[in-house]
Amino acid sequence: MIIETKYFGEMEIDSNKIITFPEGILGLEALKKYMIFEMHENPKFQWLQSLDQAEICFLLVNPWDFLKGYEMDISDEELESINVESIEQIAVYNIVTLAEDIAKSTVNFLAPLIVNAHTKVAAQIVLREDKYHTKHPIFSKEGDASC
Amino acid sequence: MLVLTRKTNESIMIGNKIKISVIQCEDGKVKLGIEAPSDVKIHREEVFNAIKEENKQATISLGNLSELKKF
């Protein structure tokens with residue numbers, strides 16, 4: 001099928017790869033269907049493009065590329081909400097907020113996206129860890145070293 | 001909004017599965033105990049709002065993308 005995207009115009013996608021957020025993303029609950037695209041220029045980043053509203057697009061990272069000790073405690077109910085049967089099925093992403101000065105961009109480690117890689121059902125969950133918040137500098141000095 | 005007055009150690013029930021108790025009340029702070037089924041998500045409102053706000057910001061600030069290649 002062909003979809004409209006924010007940055008790449010119309011794109012042909014494989015409808016088997018469509019990701020469904022049954023409860024949406026917090027603040028954008030009405031939007032359920034998304035697609036993840038790799039960023040060719042930098043494999044550490046992905047795009048999460050809404051299929052319901054073309055101008056909605058997020059930049060994602062894999063948390064462990066930026067914070068090796070990232071820990072998340074996901075409840076059984078949250079796992080059930082995306083029909084996960086084994087932990088290997090889960091893919092984890094965090095949303096990046098790009099700043100005008102890109103070096104000051106931040107990543108939301110408090111509320112990761114968990115995706116069932118098999119069924120493509122996903123949810124945004126809120127961690128109970130006190131050590132994470134919504135604005136961790138992503139390109140901190142330590143971060144640069146690990147990139 | 002329904003407004004109820006409760007004393008320390010008193011509770012309210014929301015439906016028949018959610019119980020909220022006043023544990024302690026001191027210096028303008030109220031400590032609440034919440035008993036609810038595990039599928040009910042409970043968060044401090046400001047945490048919830050911070051995440052919503054962050055998500056909205058993240059959708060609109062995609063500028064300067066070529067810079068990303070450097071990182």
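Read-outs throughout are calculated quantities, based only on the coordinates presented, and are distinct from any laboratory measurement. No experiment lies behind these values; they were computed from the predicted model shown. Cβ sites come from the backbone with ideal geometry, for glycine too, and all protein chains shown count toward neighbours.
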Partner chain coverage, peptide A:36-42 - average Cβ within 10 angstrom: 2
Computed [θ] at 222 nm, deg cm²/dmol, chain B (DSSP H ≥ 4; -39,500 (n - 2.57); rounded to nearest 500): -7500 deg cm²/dmol
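Semi-axes of the equivalent ellipsoid of the protein assembly as shown: what are they in whole Å, largest first, if each equals the square root of 5 times a C-alpha gyration tensor eigenvalue? Kindly include the intermediate steps, with their values, before the conclusion.
Values: eigenvalues 246, 89, 55 Å².
Working through the eigenvalues yields semi-axes of 35, 21, 17 Å.
Order these peptides, A:5-11, A:58-64, by their mean beta-carbon neighbour count within 10 angstrom, highest first.
On the way: A:5-11: 12.9, A:58-64: 20.0.
Put in order of decreasing packing, that is A:58-64, A:5-11.
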Highest to lowest packing among A:25-34, A:72-81, scored as the average C-beta count within 10 Å: A:25-34, A:72-81
Along each principal axis, Cα extent of region A:1-129, largest first, Å: 38, 35, 26
HN-Hα J in Hz across region A:19-31 - Karplus 6.51, -1.76, 1.60, θ = phi - 60°, x for Gly and Pro: 9, 10, 9, x, 9, x, 9, 3, x, 9, 5, 6, 8
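Kindly provide the helix-only [θ] at 222 nm of chain A, computed as the sum of -39,500 (n - 2.57) over DSSP H runs of four or more divided by all residues, to the nearest 500 deg cm²/dmol?
Details: 3 runs with 16 residues, N = 147.
Mean residue ellipticity at 222 nm (helix-derived): -2000 deg cm²/dmol.
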Residue-averaged beta-carbon neighbours from other chains (10 angstrom radius) around A:98-111: 4
Region A:54-147 - convex hull of alpha carbons, volume per residue in Å³: 113 Å³
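By per-residue mean of other Cβ atoms within 10 Å, what is the highest-first order of A:103-109, A:128-134, B:16-22?
Values: A:103-109: 20.9, A:128-134: 14.9, B:16-22: 12.9.
Going by the mean number of other Cβ atoms within 10 Å, highest first, we get A:103-109, A:128-134, B:16-22.
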Residue mean of other protein chain beta carbons inside 10 Å, B:41-54: 5
